[in-house]
Amino acid sequence: EAGVAQSPRYKIIEKRQSVAFWCNPISGHATLYWYQQILGQGPKLLIQFQNNGVVDDSQLPKDRFSAERLKGVDSTLKIQPAKLEDSAVYLCASSSAVLTGSYEQYFGPGTRLTVT
Amino acid sequence: AQSVTQLDSHVSVSEGTPVLLRCNYSSSYSPSLFWYVQHPNKGLQLLLKYTSAATLVKGINGFEAEFKKSETSFHLTKPSAHMSDAAEYFCVVSEGSSNTGKLIFGQGTTLQVKP
């Protein structure tokens, strides 16, 4: 079974520029999550999708961050404009929680963003 | 609201000696609890999970954890550390009440294994 795929793995941009991250979850997983992990901290949930609908985006800075999952499969996370404090690893995870009742999430390798 | 506190930010052990990583949780509901491991430049991997079945949970690579409701603890242990166990470990609680599967991560514990 293929795991969660993310791209790019690394990205360096200047502040005020925009950036987009892509995630392909495990096949058949209805739930998709985006997390932000700042150096030295645990991951923090940004947004959760159930199929193509948003379940929780309470921690998403909506003035600069946006995310979509148009066909209920792949997802993109965008930052525009980026700030220095957005430097972090952005993790995508997926889960089949709806089908199995399990909350186990499978994580991708992450995208390391550096804002200069 | 749920939360987790990992009591040690850094633990150092010698290879072949026991490992103990401590975690306390706070939850208004019957929690689901997890331990995840993160090796450098790799994704998070599930070690084990507790979901209201047996209180002693066995995971991968010889790790286990015991759910103690009276102490609100979920400490991770391993009888004998291996060099490959050096990594970042996260204790995690799930917001089971909302049924969304939202995970709340602790700050992490860095495990160093000395030869």
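The values are calculated or read from the model by the stated rules, or taken from the named source; none is laboratory data. What you see is a predicted model; the values in this text were computed from it and never measured. Using ideal geometry, Cβ is built from the backbone for each residue, glycine included, and neighbour counts are taken over all protein chains shown. SASA here: full protein model, heavy atoms, side chains in, ligands and nucleic acids out. Shrake-Rupley method; radii C 1.70, N 1.55, O 1.52, S 1.80 Å.
Results, tabulated for the structure shown:
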{"read-out": "Any chance residue B:77 is surrounded by fewer than 19 Cβ atoms within 10 Å (Cβ to Cβ) and in contact (Cβ under 8 Å) with a residue 40 or more places away in the chain", "value": "yes"}
{"read-out": "Pick from segment A:1-49, criterion more than 13 Å from the chain's Cα centre (by Cα) and at the interface with another protein chain (Cβ under 8 Å from one of its Cβ atoms), ranking: farthest from residue B:39 (Cα to Cα)", "value": "A:3"}
{"read-out": "Residue list for segment A:58-90, restricted to those being more than 16 Å from residue B:103 (Cα to Cα) and either within 14 Å of chain B (Cβ to nearest Cβ) or touching a residue at least 60 places away in the same chain (Cβ under 8 Å) (or both)", "value": "A:78, A:79, A:80, A:81, A:82, A:83, A:84, A:88, A:89"}
{"read-out": "Subset of segment A:80-116 (residues that are of a type in the set (Gly, Ala, Ser), surrounded by fewer than 20 Cβ atoms within 10 Å (Cβ to Cβ) and modelled with pLDDT of 95 or more)", "value": "A:87"}
{"read-out": "Failed item, numbered, when residue B:5 is tested on (1) at pLDDT below 95; (2) part of a strand (DSSP E or B); (3) surrounded by fewer than 17 Cβ atoms within 10 Å (Cβ to Cβ)", "value": "(1)"}
{"read-out": "Number of the exception - residue A:55 against (1) touching a residue at least 12 places away in the same chain (Cβ under 8 Å); (2) under 19 Å from residue B:36 (Cα atoms); (3) within 10 Å of chain B (Cβ to nearest Cβ)", "value": "(2)"}
{"read-out": "Leading residue by the ranking (surrounded by the fewest Cβ atoms within 10 Å (Cβ to Cβ)) among those in segment B:18-36 that are in contact with a Leu (Cβ under 8 Å, 6 or more places away or on another chain) and away from chain A (no Cβ under 11 Å)", "value": "B:20"}
{"read-out": "Residues of segment B:46-58 satisfying the condition of being open to solvent by 30 Å² or more (accessible area, probe 1.4 Å) and in contact (Cβ under 8 Å) with a residue 12 or more places away in the chain", "value": "B:46, B:49, B:51, B:52, B:55"}
{"read-out": "Filtered residue count, segment B:8-51, keeping only those that are modelled with pLDDT under 90, in a loop (DSSP other than H, G, I, E, B) and touching a helix residue (DSSP H, G or I) at 6+ places or on another chain (Cβ under 9 Å)", "value": "6"}
{"read-out": "Conditions (1) buried (at least 18 other Cβ atoms within 10 Å of the Cβ); (2) out of contact with any strand residue (DSSP E or B) (no Cβ under 7 Å at 6 or more places or on another chain); number of the one not met by residue B:71", "value": "(1)"}
{"read-out": "Test: residue in segment B:52-68 that is farther than 30 Å from residue A:8 by Cβ, more than 14 Å from chain A (Cβ to nearest Cβ) and of a type in the set (Val, Ile, Thr)", "value": "yes"}
{"read-out": "Single residue of segment B:88-115 satisfying the filter (more than 14 Å from chain A (Cβ to nearest Cβ) and open to solvent by less than 20 Å² (accessible area, probe 1.4 Å)) that is nearest to the chain's Cα centre (by Cα)", "value": "B:111"}
{"read-out": "Within segment A:58-77, tally of residues that are open to solvent by 50 Å² or more (accessible area, probe 1.4 Å) and at pLDDT 90 or above", "value": "8"}
{"read-out": "Residue B:79 out of contact with any strand residue (DSSP E or B) (no Cβ under 6 Å at 6 or more places or on another chain) and more than 26 Å from residue A:108 (Cβ to Cβ)", "value": "yes"}
{"read-out": "Residue within segment A:41-51 that is open to solvent by 20 Å² or more (accessible area, probe 1.4 Å), outside any strand (DSSP E or B), free of Cβ contacts under 8 Å to residues at least 12 places away in the same chain and not acidic (Asp, Glu) present", "value": "yes"}
